[in-house]
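Below is one structure, written out as structure tokens; comments come after it.
The values are calculated or read from the model by the stated rules, or taken from the named source; none is laboratory data. Keep in mind it's a predicted model, so treat the numbers as computed, not measured. Neighbour counts run over all protein chains shown; Cβ positions are idealised from the backbone, glycine included. Just the protein is used for accessible areas: all its heavy atoms, side chains included, with ligands, DNA and RNA removed. Shrake-Rupley method; radii C 1.70, N 1.55, O 1.52, S 1.80 Å.
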Amino acid sequence: MRPRTVFLSGASSGIGHALALEYARRGAHVALAARRKEPLEELARAIEGAGGKAFVVPVDVSDPAAVKEAVIAAERALGSLDMVVANAGIGHSGHAARLTMDSVNEIIDVNIRGAFATILAAVPIMLLQGHGHLVGVSSLAGRRGLPTSGAYSASKAALSVFLETLRIDLAPSKIRVTDVQPGFVATPMTEKNKHPMPFKWTRDKAARVIATRLERAPAMIAFPWQLTLATSFARLLPSWIYDRVVGGAADR
Ligand SMILES: NC(=O)c1ccc[n+]([C@@H]2O[C@H](COP(=O)([O-])OP(=O)(O)OC[C@H]3O[C@@H](n4cnc5c(N)ncnc54)[C@H](OP(=O)(O)O)[C@@H]3O)[C@@H](O)[C@H]2O)c1
């Protein structure tokens, strides 16, 4: 399945920006969503300069009504929505002793409510079209509680579980659902990390691999294989062993 029309949230930077360029290179018409209009317009100019088609939709995904309007506007501008990628996300880390509800709410508003709203806005459109591919960008960090990342890990676990239910519910209606679980990717989000980021990919490599693997509409895309394997194994560990393995990182 090669989508001809793609809505991408979080297209102003990082993985979403690279994915928009990748889909434009593959001939898709793209709707670019994020809060900052300038980088979106710059990206749209680059895409159109190379002969592609891009539609800019500035939106804050933490406002569900605005997200719905943005998705509807994108469908009108592009003529259909073959794929919707809920990629916008934020991540702060902080030790549980210093975690505040303000920072937890921010993460919930973007990573959970924002992603759910983006996906749900597309469902009626795809049901009417009779096809479509819903994609959420969660994280390998959602597979188990990571030290100092309680809110982020929990938000990504919530998104993965949500996507799984949607995949099952929507299977009879020819709407495919994919959960993308990246490991570390070099983007503005990870620039500030001081901890080691093993097997970190560039955003271009991540975008290429995501777009290629999405063609088969799998239930899940996880990378790199080393961290995918390690986190799959970590899920099987009893808590007392898991705590010993990752516990040292909690003191940072
Ligand atoms: N980088 C990694 O190692 C990594 C690993 C696993 C998963 N992920 C996930 O991949 C996704 C993309 O991350 P990234 O690394 O590319 O981060 P990034 O470079 O910081 O990009 C985040 C994108 O989300 C948008 N965004 C943030 N808040 C928003 C809001 N309220 N409304 C609309 N757009 C919003 C930002 O645009 P504006 O600021 O213009 O709104 C930006 O385009 C995230 O969901 C992240 O959790 C990343």
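Some points to look at:
- At R0 = 25 Å, FRET efficiency that the Cβ-Cβ distance of residue 128 and residue 2 yields, to 0.05: 0.75
- Theoretical gain in end-to-end length, residue 50 to residue 144 [0.36 nm per residue, Cα-Cα removed]: 29.7 nm
- Where segment 2-65 is the region considered: accessible area per residue in Å², 1.4 Å probe: 46 Å²
- Per residue, segment 80-147 exposes 38 Å² of solvent-accessible protein surface, assessed with a 1.4 angstrom probe and all protein chains in place.
- Solvent-accessible area, 1.4 Å probe, carbon plus sulfur percent, for the chain: 57 percent
- Within the chain, helix-based [θ] at 222 nm, where runs of 4 or more DSSP H residues each add -39,500 (n - 2.57), nearest 500: -14500 deg cm²/dmol
- Order of exposure, largest accessible area first, which applies to 63, 169 with probe 1.4 Å: 169, 63
- Relative compactness, the chain, computed as alpha-carbon Rg over 2.2 N^0.38 Å: 0.98
- Whole-angstrom gap from segment 38-104 to segment 135-183, using each part's C-alpha centre: 18 Å
- Calculated FRET value between residue 37 and residue 194, using beta carbons and R₀ = 25 Å, to 0.05: 0.20
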